[in-house]
Amino acid sequence: MTPPAAIEVTAVTDTEGVTLPDPLQANVKSNDIYGRRKKSEKNQWGVAAPADAKTFRHHKHGHKPSAKNWDHRLSKESASREGSSLKQAAKYLGKPGIISLGGGLPSSDYFPFESLEIKVPRIGHFSEQETKESGVVLHAGKHDLAEDKSIFDIATAFNYGQGRGSAQLLRWVTEHTEMVHNPPYSDWTCTMSIGSTSGLDIALRMFAERGDLILSEEYTFATAVETAAPMGVNVVGVPMDAEGMLPHSLDHILSTWDPVARGARKPFLVYTVPTGQNPTGATQGAARRRGIYAVAQKHDLYILEDEPYYFLQMQPYTGPNAPDVPPPASHDAFLKSLVPSLLSMDVDGRVMRLDSFSKVLAPGSRVGWITASEQVVARYSKHADVSTQGPSGISQLVLFKLLDEHFGHEGYLDWLIHIRLEYTKRRGVILEACEKYLPKEVVSWVPPMAGMFHWLRIDHTKHPSYPSRSITDIEDTLYLNIIEHNALMMKGSWFIPDKSVSPEALFLRATFCAASSENITEAIRRVGVAVRESFRLVEGKGEVVVEGNGNGVH
């Protein structure tokens, strides 16, 4: 495949063939969302109170089609799950006057936590230094709910909860999903997860049987493959180009599927990271996503849309030394600049979207959510109730204080715009360093438009030992040589889902998310030195000097 390309701004405004959401209509702006929330009794917010995301939606969705039924795709494990009988009894805890001797809930009297304080940025003042000097301190008390100070407190959050998560935070993520994606079928809903990897694990248990194959990009998130493998589920790589998975290749694989030759039934699960894909950084444009969805309809596929980098879509790249593109002028402009999600195109309920706070707030929160049809979410919840249960109550309380009581929906969009601009700067640093230090006669790349990763293609055919040495052998030598020069990148071959498939090209994955600008630049300089050494390039001349007879003798 070729390295991933940046997508032009026009690619995200193409509405042909699909109804895009109107993300910030006047009646769903933050203040109106809070004003239109349904009034609820205190028992909705109580300990282990069951929650239904459907009750937190603001739009009417009855005019939309209903989701397809997926009984025919459920695994034997999922179809046999009955859920937790003990958690089902929790629905009676909110009955007025009831005295519960049923649930095994510890008394909050013995929680050794009286209050919790967190210091967070003021809206619009997001730098670490500003937060340190003048940040806002948010307070959570033990009995704020009973004292009418808040709808979420320590006594509630630190106790047992439902697998769907707390009603308080579930309400917020449901409103966010409706505002940003507005799924075009009626019976969509959300439920909390403990992160996208756990969400994927449960989804695979729901839909895949041992011996099944699933479909993904030809280079894909290694942990996804490693999650599936112990279940006896393997991954078939679908060819990619600059915008990720190719719909015609996906269609060809499925249309010509031979169960006997493949040793497995025809796949129906597609796992994809459409935005800032890990590892390639590729981002599917709107037309590409529509193409993939059309193939899914043709072959009755179910799509797992893993989108941790969705809000890390950066400013358009205009080249080295070019002036910066002005930031989005409004929340509406920001949301309209985003490539529409597969969820926003899903008229059949054939997409499970995996969302996470990991890349935009903190990975250690271990809080995310899925969006899918009511049928699929109900089945997902039966798995969660007897395995992961809900996310950490401590994390949910902290996020509720930040997102609901402090940021609000508009403040969160301000934060996301801030993150967008910061990652755009980091991308600029690594691209400038690559232009300066990497030998372009051997190394090529395309600027990523989203995410955290920069995918470098190394022309292995110019290595002095090729073809007598394999691509993986050359890759390994180069990888170790880079480490010798005190830099680290990931091997591209690590991201090939089928380890029996030999790579046809040599790639390295770099990330620009954590290191300082100075360290990013220095690391790329060291990589450039290592590449020149490995390929025996004469500095500044762009020549390949081969010692010996080219058969690997050095």
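The values are calculated or read from the model by the stated rules, or taken from the named source; none is laboratory data. From a predicted model like this one, the values you see are computed outputs, not experimental measurements. With ideal geometry, Cβ positions are generated from the backbone for all residues, glycine too; neighbour counts draw on all protein chains shown. In case anyone asks, the SASA skips ligands and DNA or RNA and just uses the protein heavy atoms, side chains included. Shrake-Rupley method; radii C 1.70, N 1.55, O 1.52, S 1.80 Å.
Within the stretch 450-499, can you find the residues that are part of a loop (DSSP other than H, G, I, E, B), of a type in the set (S, T, N, Q) and touching a residue at least 40 places away in the same chain (Cβ under 8 Å)?
Ser465, Ser468, Asn486
Can you tell me how many residues within the stretch 45-83 are of a type outside the set (A, V, I, L, M) and not in a loop (DSSP other than H, G, I, E, B)?
Adding up the residues that qualify gives 11.
I'd like to verify a number: residues in the stretch 104-149 that are among the polar types (S, T, N, Q) and in contact (Cβ under 8 Å) with a residue 40 or more places away in the chain, how many? Show your work before the answer.
Of all residues in the stretch 104-149, those among the polar types (S, T, N, Q) come to 107-108, 115, 127, 129, 131, 134.
After this cut, where a residue has to be in contact (Cβ under 8 Å) with a residue 40 or more places away in the chain as well, the list is 108.
Number of matching residues: 1.
Quick one: how many residues across the stretch 429-449 are open to solvent by 10 Å² or more (accessible area, probe 1.4 Å) and either part of a helix (DSSP H, G or I) or in contact with a strand residue (DSSP E or B) (Cβ under 7 Å, 6 or more places away or on another chain) (or both)? Please lay out each step first, then the result.
The initial filter retains those residues of the stretch 429-449 that are open to solvent by 10 Å² or more (accessible area, probe 1.4 Å), namely 429, 432, 435-437, 440-441, 444-447, 449.
Subset that is either part of a helix (DSSP H, G or I) or in contact with a strand residue (DSSP E or B) (Cβ under 7 Å, 6 or more places away or on another chain) (or both): 429, 432, 435-437, 444-445, 449.
So the answer is 8.
Does Thr197 count as part of a helix (DSSP H, G or I), within 17 Å of the chain's Cα centre (by Cα), under 22 Å from Ala505 (Cα atoms) and without any contact (Cβ under 8 Å) to a residue 60 or more places away in the chain?
The answer is no for Thr197.
Say whether the condition of being open to solvent by less than 10 Å² (accessible area, probe 1.4 Å) and not in a helix (DSSP H, G or I) is met by at least one residue in the stretch 373-387.
yes
Looking only at the stretch 158-194, filter to residues that are small (Gly, Ala, Ser) and either open to solvent by 10 Å² or more (accessible area, probe 1.4 Å) or part of a loop (DSSP other than H, G, I, E, B) (or both); which one of those is modelled with the lowest pLDDT? Write out each step before concluding.
Within the stretch 158-194, the first condition is being small (Gly, Ala, Ser), and the residues that meet it are 161, 163, 165-167, 186, 193.
In the following step, the residues that additionally are either open to solvent by 10 Å² or more (accessible area, probe 1.4 Å) or part of a loop (DSSP other than H, G, I, E, B) (or both) were identified as 161, 163, 165-166, 186.
Values: Gly161: 86, Gly163: 83, Gly165: 90, Ser166: 92, Ser186: 94.
Only one residue fits best here, namely Gly163.
Would it be correct to say that Arg426 is under 23 Å from Arg525 (Cα atoms), assigned to a helix (DSSP H, G or I) and open to solvent by 10 Å² or more (accessible area, probe 1.4 Å)?
It is true that Arg426 is under 23 Å from Arg525 (Cα atoms), assigned to a helix (DSSP H, G or I) and open to solvent by 10 Å² or more (accessible area, probe 1.4 Å).
So, in the stretch 480-501, of the ones that are aliphatic (A, V, I, L, M) and in contact with a helix residue (DSSP H, G or I) (Cβ under 8 Å, 6 or more places away or on another chain), which residue ends up most open to solvent (accessible area, probe 1.4 Å)?
First pass over the stretch 480-501, keeping only residues aliphatic (A, V, I, L, M): 480, 482-483, 487-490, 496, 501.
Now restrict to residues that are in contact with a helix residue (DSSP H, G or I) (Cβ under 8 Å, 6 or more places away or on another chain): 482, 487-489.
Details: Ile482: 3, Ala487: 12, Leu488: 114, Met489: 10 Å².
Among residues in the stretch 480-501 that are aliphatic (A, V, I, L, M) and in contact with a helix residue (DSSP H, G or I) (Cβ under 8 Å, 6 or more places away or on another chain), the one most open to solvent (accessible area, probe 1.4 Å) is Leu488.
Return only the number of the condition from (1) open to solvent by less than 20 Å² (accessible area, probe 1.4 Å); (2) more than 17 Å from the chain's Cα centre (by Cα); (3) charged (D, E, K, R) that Glu307 does not satisfy.
(2)
Return a yes/no flag: does the stretch 94-113 have any residue that is open to solvent by 60 Å² or more (accessible area, probe 1.4 Å), assigned to a loop (DSSP other than H, G, I, E, B) and modelled with pLDDT of 90 or more.
The answer is yes; a qualifying residue exists.
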